[in-house]
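Coordinate-derived values only; no laboratory data. What you see is a predicted model, and the numbers here were worked out from it, not measured in a lab. Here Cβ is always computed from backbone atoms with ideal geometry, including for glycine, and neighbour counts include all displayed protein chains.
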Amino acid sequence: MKSKFISDIHDAIFHSLRSWAEQSPGNWNILIGSGFVLLLVGGILTYVFHKKMGNADERTTQISLKSALIILCVVILCDVIFPKEYMWQIFFLFKYALAFLASGIYLAVRYKKDFF
């Protein structure tokens, strides 16, 4: 049974986003465009720092596995949080954009800490 408080917060956040996105095609396009930009930035960030780490060895393999774990955790967390009744395609895009962005940020911080 869902808590009324959590359900109210969930509806307040995502229902207002849904109503804003459905007001005009421009708002819908802004939402899709920002999702693709986040996905592109996260993907590039993750790819660049994986390449900068170099060949796989004991240390970089652990970093890569931790990066994959972060992607998995963010995807699972977003599956729990995002609604599945409406706008699921947009939330699918944001789920993976946030996952790659979180992984890229982890790799950037780890690269700065380990290689500088």
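Going by what's in this entry, would Phe82 be described as loosely packed, with under 12 Cβ neighbours inside 10 Å, of a type in the set (Phe, Trp, Tyr) and touching a Lys or Arg at 6+ places or on another chain (Cβ under 8 Å)?
no
Report, by residue number, each residue of region 43-90 that is outside any helix (DSSP H, G or I) and of a type outside the set (S, T, N, Q).
Once the filter is applied, which keeps residues that are outside any helix (DSSP H, G or I) and of a type outside the set (S, T, N, Q), region 43-90 yields Gly54, Ala56, Asp57, Phe82, Pro83, Lys84, Glu85, Tyr86, Met87.
Is it true that some residue in region 47-69 is in contact with a helix residue (DSSP H, G or I) (Cβ under 9 Å, 6 or more places away or on another chain), within 26 Å of Asp8 (Cβ to Cβ) and not basic (Lys, Arg)?
Within region 47-69 (the criterion being in contact with a helix residue (DSSP H, G or I) (Cβ under 9 Å, 6 or more places away or on another chain), within 26 Å of Asp8 (Cβ to Cβ) and not basic (Lys, Arg)), the answer is no, since none of the residues qualifies.
Pairs only if they're at least six apart or on different chains, beta carbon under 7 angstrom, first in region 82-99 and at positive phi and among the hydroxyl-bearing types (Ser, Thr, Tyr), second surrounded by fewer than 17 Cβ atoms within 10 Å (Cβ to Cβ) and part of a helix (DSSP H, G or I); list them, first residue then second.
Hits for this filter: zero, empty list.
Looking at (1) farther than 30 Å from Phe115 by Cα; (2) surrounded by 16 or more Cβ atoms within 10 Å (Cβ to Cβ), can you tell me which one His10 breaks?
Here His10 meets the rest and fails (2).
Any residue in region 22-40 that's under 14 Å from Met87 (Cα atoms): show its pairings with residues that are of a type in the set (Gly, Ala, Ser) and in a helix (DSSP H, G or I) at Cβ separation under 8 Å, as long as the two are six or more apart or on different chains.
Asn27/Ala21; Trp28/Ala21; Leu31/Ala21; Gly35/Ala97
Ser67 is checked against (1) surrounded by 12 or more Cβ atoms within 10 Å (Cβ to Cβ); (2) under 19 Å from Lys113 (Cα atoms); (3) of a type in the set (Gly, Ala, Ser); (4) out of contact with any Leu (no Cβ under 6 Å at 6 or more places or on another chain) and fails just one. What number does that condition carry?
In the conditions (1) surrounded by 12 or more Cβ atoms within 10 Å (Cβ to Cβ); (2) under 19 Å from Lys113 (Cα atoms); (3) of a type in the set (Gly, Ala, Ser); (4) out of contact with any Leu (no Cβ under 6 Å at 6 or more places or on another chain), Ser67 misses (4) alone.
Name the residue, out of Leu31, Leu93, Leu40, Leu17, that is under 21 Å from Leu107 (Cβ atoms) and outside any loop (DSSP other than H, G, I, E, B).
The conditions single out Leu40.
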